[in-house]
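Contents: one structure, followed by commentary.
The values are calculated or read from the model by the stated rules, or taken from the named source; none is laboratory data. Being a predicted model, the structure only gives us computed values, none of them experimental. Here the Cβ positions follow ideal geometry from the backbone for every residue, glycine too, while neighbour counts run over all protein chains shown. These area figures cover heavy atoms from the full protein model, side chains too; ligands, DNA and RNA do not enter into them. Shrake-Rupley method; radii C 1.70, N 1.55, O 1.52, S 1.80 Å.
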Amino acid sequence: MQSPVPLNALFAILPEIILGIAACAIFVWEPFVPKEKRDKIAYFSLVALILSGLSLFLFCGKNISAFSGMIVIDAYAIAFKALLILSSIFVVLMSFQYVKTERIHLGEYYGLILFATIGMMFLPSASDLLSFYLSLELMSMAFYVLTAFMRKDEKSLEAGVKYFLTGIFTSGLILYGIAFIYGMTGTTHLGAIRATLSSIGNPDTVANPALVFAMILLIAGFGFKIASVPFQMWAPDVYEGSPTTITAFLSVGSKIAAFSVMGRVFIFGLSSHYDDWQPILWIIAAVTMTWGNIAALVQTNFKRLLAYSSIGHSGYFLIGLITNSESGLSAIFVHSVAYLFMTLGAFIMILLVCKEGSRGDQISDLRGLGRSHPAIGIAFVLFALSLIGIPPTAGFIGKLLLFGAAIEGQFYYLAVIGVLNSVISLYYYFKVATIMFMEEPPKETVLSFSIPMKIGLWAMAAGTLVIGLYPEPIIRVALHSVKVLF
């Protein structure tokens, strides 16, 4: 009897199948695991993520199209999939101690992380607007639950409701945009959309109103997912209320996944009408960078500060898209790698001071941490330097490539705005560093420092420094991976 799904199609999604089987196994296994032994589920999740990551090597050098062209496995998809798996591994490492402290040590927590990872991994592979939408919804539904996972915490429940409401509104906008594009082209496949739109009119003529409206809807939908202005209103409250590990995962994983699929949709699918969407993204990028960094100046809650920092970084990422070039898209990948290490590292500072009865998310909770634990203080300074974009850190390399791509594409004003905003961020990051090193620590400084968290922290610090000192391998991978879109 012939299988309803060809084996080569199943092979194309092997990394996701591994995670799907593991996630289902966790939901079945969890009721039979005693609460004090639920670390086994976390280790099981780590093994599943590592196996999924190793399976990506089977696709190196290949270009596979599956499910009637809805999923494509190429160098671009593989590079971003590997990065997203790495972010999930770090989040699981960060979670070992945190879930015990917050009393959310439940197996489904790890199962939902795996389901969110599956959705994120499908996004860079999506070569059809329908597969993109389904992947986005799978990722989002897992995050709706995870943001409200602290069921006895009012802020967490509020975060879950706000993220859910904005999420379903976003889904509606994206679906309307897809419907308009389908109505114009008769297809949802990005390759066919590219070919059809190239034959519809001349870029020098008046823009097609229906197409421009479709682009605006898609940009608005993506804007909510990446928290760009004016669609960023949900981010500070959701970041503050969610469990800290999920805030970190949302800030890093979902943002990187969203930008990976934006590369396929705009630079590949809608490239023939670049002049229609480029001015919109230019304005959004400039305002997003500025608003994110200025709003961060007055924050006293560290998670809200990182939320506004994340908004600012969305503006930096958009520069790479606006350039519509190999150098710009490769800069997005390099900055994604840097952003992963430095942002997750910053969030670990909150986890270290989190204890029962205190979420540890106020900037004042970090008082004297650099004096009582100098190595941890130095690690935070390294992450802060990278987030600002100061050498020799990974963040400097990412911003250098993004701003360099902007100058190469003659977007001089955008590059200047980016540099000025990086200077502004110097103030609020070093305000935190000042509190860590200049103020007296509390009499009893007990850190929630498990072995997995130590591994995660020092791996992030090493990645931030090593990429800053020797970025060539990452840059080579980035340039190779983006060529398939051009």
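Note on segment 60-95: residues that are assigned to a helix (DSSP H, G or I) and either in contact with a Cys (Cβ under 6 Å, 6 or more places away or on another chain) or in contact (Cβ under 8 Å) with a residue 40 or more places away in the chain (or both) amount to 20.
In segment 444-457, is there at least one residue being among the β-branched types (Val, Ile, Thr) and open to solvent by less than 60 Å² (accessible area, probe 1.4 Å)? Within segment 444-457, one or more residues are among the β-branched types (Val, Ile, Thr) and open to solvent by less than 60 Å² (accessible area, probe 1.4 Å). Scanning segment 411-434 for residues that are part of a helix (DSSP H, G or I) and more than 29 Å from Asp365 (Cα to Cα) yields Tyr412, Tyr413, Leu414, Ala415, Val416, Ile417, Gly418, Val419, Leu420. Selection over segment 286-316 of residues that are open to solvent by 10 Å² or more (accessible area, probe 1.4 Å) and within 11 Å of Ala227 (Cβ to Cβ) gives a count of 2.
The residue of segment 187-200 that is modelled with the lowest pLDDT, among those that are small (Gly, Ala, Ser) and open to solvent by 50 Å² or more (accessible area, probe 1.4 Å), is Ser199.
The residues in segment 30-50 that are open to solvent by 10 Å² or more (accessible area, probe 1.4 Å) and under 16 Å from Ile113 (Cα atoms) can be counted, and the count is 9. For Leu146, the criteria (1) within 18 Å of Ala227 (Cβ to Cβ); (2) touching a residue at least 60 places away in the same chain (Cβ under 8 Å); (3) out of contact with any helix residue (DSSP H, G or I) (no Cβ under 6 Å at 6 or more places or on another chain); (4) among the hydrophobic types (A, V, I, L, M, F, W, C) hold in every case but one, which is (3).
When segment 268-285 is filtered for residues that are open to solvent by 10 Å² or more (accessible area, probe 1.4 Å) and of a type outside the set (Asp, Glu), the ones remaining, listed by number, are Phe268, Ser271, Ser272, His273, Tyr274, Gln278, Pro279, Ile280, Trp282, Ile283, Ile284. Total residues in segment 467-478 satisfying the condition of being surrounded by fewer than 16 Cβ atoms within 10 Å (Cβ to Cβ) and touching a residue at least 24 places away in the same chain (Cβ under 8 Å): the figure is 1. Filtering segment 355-408 to residues that are open to solvent by 10 Å² or more (accessible area, probe 1.4 Å), hydroxyl-bearing (Ser, Thr, Tyr) and assigned to a loop (DSSP other than H, G, I, E, B) leaves nothing.
Condition check ((1) free of Cβ contacts under 8 Å to residues at least 24 places away in the same chain; (2) in a helix (DSSP H, G or I); (3) small (Gly, Ala, Ser); (4) within 21 Å of Leu457 (Cα to Cα)) across all residues:
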{"site": "Gln97", "(1), (2), (3), (4)": "no, yes, no, yes"}
{"site": "Lys100", "(1), (2), (3), (4)": "yes, yes, no, yes"}
{"site": "Ile104", "(1), (2), (3), (4)": "no, no, no, no"}
{"site": "Tyr110", "(1), (2), (3), (4)": "no, yes, no, yes"}
{"site": "Ala116", "(1), (2), (3), (4)": "no, yes, yes, no"}
{"site": "Leu123", "(1), (2), (3), (4)": "no, yes, no, no"}
{"site": "Leu130", "(1), (2), (3), (4)": "no, yes, no, no"}
{"site": "Tyr133", "(1), (2), (3), (4)": "no, yes, no, no"}
{"site": "Glu137", "(1), (2), (3), (4)": "no, yes, no, no"}
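The condition (being farther than 19 Å from Val92 by Cβ and within 25 Å of the chain's Cα centre (by Cα)) is satisfied by just one residue among Ser364, Ser386, Ser372: Ser386. All told, Glu108 falls short of being among the acidic types (Asp, Glu), out of contact with any strand residue (DSSP E or B) (no Cβ under 7 Å at 6 or more places or on another chain) and modelled with pLDDT of 90 or more.
All of (1) in contact (Cβ under 8 Å) with a residue 40 or more places away in the chain; (2) touching a helix residue (DSSP H, G or I) at 6+ places or on another chain (Cβ under 7 Å) hold for Gly53 with one exception: (1).
Among the residues of segment 210-250, those that are open to solvent by 10 Å² or more (accessible area, probe 1.4 Å) and not in a helix (DSSP H, G or I) comprise Val229, Pro230, Phe231, Gln232, Met233, Trp234.
Of all the listed residues (Leu134, Leu106), the sole one being surrounded by fewer than 24 Cβ atoms within 10 Å (Cβ to Cβ) and over 28 Å from Arg38 (Cβ atoms) is Leu134.
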